[in-house]
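Engineer: Right, I'll just put the structure down here and ask away after.
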């Protein structure tokens, strides 16, 4: 029985590879330079931390509402490559703002769910 349970659960390395592939497909589609899974995971630790919600969130709306930036700005930051294909990353202040935005959004979702009768 233990073998059947293990076969259903992905190993960490298999999950990381799958998540990296999904992240790269979602955020990295416009890049001219295909990246390896290791490069994606190294450069995209924040994206990996957000893997469970990447496809559920409108990142463009978060960029506009919480950062006052264009819809593509946050995609570029999460991808680690700016609009000119130069490396970029979040500042400490931007990380705190993103964390606050996600907490605010989670609270708004919780309140909406509680209002359902």
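The values are calculated or read from the model by the stated rules, or taken from the named source; none is laboratory data. None of these values were measured; they are calculated from a predicted model. Note that each Cβ is placed from the backbone with ideal geometry, even for glycine, and that neighbours are counted across all protein chains shown.
Engineer: Could you check segment 63-81 and list, in sequence order, the residues that are touching a helix residue (DSSP H, G or I) at 6+ places or on another chain (Cβ under 9 Å) and over 17 Å from residue 45 (Cα atoms)?
Structural biologist: Scanning segment 63-81 gives 63, 64, 65, 66, 67, 69, 70, 71, 72, 73.
Engineer: Still on this model: Would you pick out the residues in segment 46-56 that are assigned to a helix (DSSP H, G or I) and loosely packed, with under 12 Cβ neighbours inside 10 Å? Write out each step before concluding.
Structural biologist: Looking only at segment 46-56, we keep the residues that are assigned to a helix (DSSP H, G or I), and these are 46-49.
Result: 49, single match.
Engineer: Right, another one. Just give me the residues in segment 57-80 being outside any helix (DSSP H, G or I) and either touching a strand residue (DSSP E or B) at 6+ places or on another chain (Cβ under 7 Å) or loosely packed, with under 15 Cβ neighbours inside 10 Å (or both), in sequence order.
Structural biologist: Of the residues in segment 57-80, the ones outside any helix (DSSP H, G or I) are 57-58, 68-70, 80.
Once the filter is applied, which keeps residues that are outside any helix (DSSP H, G or I) and either touching a strand residue (DSSP E or B) at 6+ places or on another chain (Cβ under 7 Å) or loosely packed, with under 15 Cβ neighbours inside 10 Å (or both), segment 57-80 yields 57, 58, 68, 70, 80.
Engineer: Filtering segment 82-107 down to residues that are under 13 Å from residue 57 (Cβ atoms) and touching a helix residue (DSSP H, G or I) at 6+ places or on another chain (Cβ under 9 Å), which residue is surrounded by the fewest Cβ atoms within 10 Å (Cβ to Cβ)?
Structural biologist: Looking at residues that are under 13 Å from residue 57 (Cβ atoms) and touching a helix residue (DSSP H, G or I) at 6+ places or on another chain (Cβ under 9 Å), I get 104.
Engineer: Related question: Read through the list (1) in a loop (DSSP other than H, G, I, E, B); (2) modelled with pLDDT of 90 or more, then give the number of the only condition that residue 110 fails.
Structural biologist: Answer for residue 110: the failing condition is (1).
Engineer: Same structure, new question: Over 23 Å from residue 48 (Cβ atoms) and out of contact with any strand residue (DSSP E or B) (no Cβ under 9 Å at 6 or more places or on another chain), is that true of residue 113?
Structural biologist: yes
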